[in-house]
Amino acid sequence: MGRYVPALCFLNLGLLISSTACLYLGSILINIYLLPSLDLLTSNFATVPYLILAIGGLLLVCSIIGIIAAVVKSRVALIIYAVLLGAIFTLQLASIFTSMELRNDMERRVIFQTGNGNVHNELKRYWDDETVRTKWDTLQRDFQCCGAFNMRTGFQDWSRLGNYQQDGQQRGVPNSCCLDEEEGGCGNTEEIYSDPLAYEKINIHGCMAIMKNRLLRDIAPVLLTYIACAVVLALITILAMVLSAAYVAAITRKSNQEKDGMGMYQVPGGHLG
């Protein structure tokens with residue numbers, strides 16, 4: 001029975017290291033590349049990073065429980081550990097398949113087509129919805145873009161929304177499009193759409209066009225690497241779950257033997273003659 005403790009500790013050390021990698025990757029996808037902000041194109045942009053983050057968090061807790069449970073030889077803790085591993089394995093399978101689907105969508109570039117009405121509908125709510133405004137301001141500032149689609153003319157998307165100010169004039173672009181944001185704004189009026197020098201005042205490329213190039217360059221290879229590593233991690237998770245179940249059985253068997261006081265064998269009839 002002594003072989004289970006070092007084996008489980010070794011596997012859980014690997015799971016612990018993997019958990020930090022998942023947490024790091026998930027946080028980068030969410031906070032640096034802002035993938036959840038693209039959930040209008042496909043829900044997998046939000047699902048994949050949050051699944052990776054959830055797997056990392058659960059693995060962190062579960063690996064610590066596994067090490068403690070193995071050392072103290074607690075059947076209850078080992079059973080809880082095995083159940084958590086089963087849940088994590090399910091999440092790992094989900095993350096593998098959604099990552100594959102997202103990568104395939106990115107490679108086909110179908111999700112970046114300009115006819116995506118969901119994006120334009122959200123842009124229409126920019127001036128009235130604080131959540132939408134915060135989301136698009138973050139996108140436009142971090143990726144130095146303006147509007148949704150197309151290179152060089154992405155900022156023109158704001159002119160197609162039919163948004164007007166109280167005085168009846170058409171709105172310009174948001175301040176977050178400006179190369180140098182000022183309190184008064186750099187393109188608050190409709191003249192910005194016909195200004196031949198607009199590129200000197202605002203970012204002119206659409207956010208989806210900018211992000212498409214960056215995602216294909218940075219995220220597609222990362223997803224491929226993650227898929228391969230996640231398959232290996234899922235196999236390690238299964239192995240740890242099997243070992244923990246075997247360890248529980250071994251502890252139970254030893255406990256029953258100690259209660260019997262007869263070792264592994266009993267006298268026929270269940271009592272001494």
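The values are calculated or read from the model by the stated rules, or taken from the named source; none is laboratory data. Only a predicted model underlies this, so the values are computations on that prediction, with no experimental measurement involved. The area values use the complete protein model at the heavy-atom level, side chains included, leaving out ligands, DNA and RNA. Shrake-Rupley method; radii C 1.70, N 1.55, O 1.52, S 1.80 Å.
Just to confirm, what accessible area per residue do you get for region 1-47 at 1.4 Å probe, in whole Å²?
Working: 2150 Å² over 47 residues.
Value returned for region 1-47: 46 Å² of accessible area per residue.
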Practice item. Could you tell me which of rounded, prolate or oblate describes region 1-155, using a ≥ b ≥ c as the square roots of the eigenvalues of the alpha-carbon gyration tensor, with rounded for a/c under 1.5 and, failing that, prolate when a/b is larger than b/c and oblate otherwise? Key: prolate
Revision key, fill the gap. Quick shape summary for the chain, equivalent ellipsoid via Cα gyration tensor, semi-axes whole Å in descending order, reads 59, 16, 14
Review point. Translational D (Stokes-Einstein, µm²/s) of region 1-70 at 10 °C and 1.306 mPa s when Rh comes from the Kirkwood sum over C-alpha pairs?
Key: 121
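In whole percent, how big is the carbon plus sulfur part of the accessible area of region 1-43, probe 1.4 Å, protein atoms only?
On the way: 1450 of 2070 Å².
Here it works out to 70 percent.
Quote to one decimal, in nm, the extra length available between S74 and L224 on full extension: 0.36 nm per residue of separation minus the C-alpha distance between them.
Values: separation 150, 0.36 × 150 = 54.00 nm, distance 3.86 nm.
Additional length available on full extension: 50.1 nm.
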Study note, to complete from the structure: Here the relative contact order (percent) of region 1-112, from C-alpha pairs under 8 Å and at least 6 apart, is 30
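Over the chain, what is the relative contact order in percent, taking alpha-carbon pairs closer than 8 angstrom and at least six residues apart? Please report the intermediate quantities before stating the final value.
Details: 344 pairs, mean separation 57.7, N = 273.
Taking the mean separation of contacting Cα pairs over the length of the chain, I get 21 percent.
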Review point. What share of Cα pairs, in percent, lie more than 13 angstrom apart in region 180-240?
Key: 75
Review point. With the other protein chains left in place, how much accessible area per residue, in square angstrom, belongs to region 70-158 at a 1.4 angstrom probe?
Key: 51
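Based on the Kirkwood radius over alpha-carbon pairs, what value in µm²/s does the Stokes-Einstein equation return for the translational diffusion coefficient of region 95-157 at 4 °C and 1.567 mPa s?
On the way: Rh = 13.3 Å.
So the translational diffusion coefficient is about 98 µm²/s.
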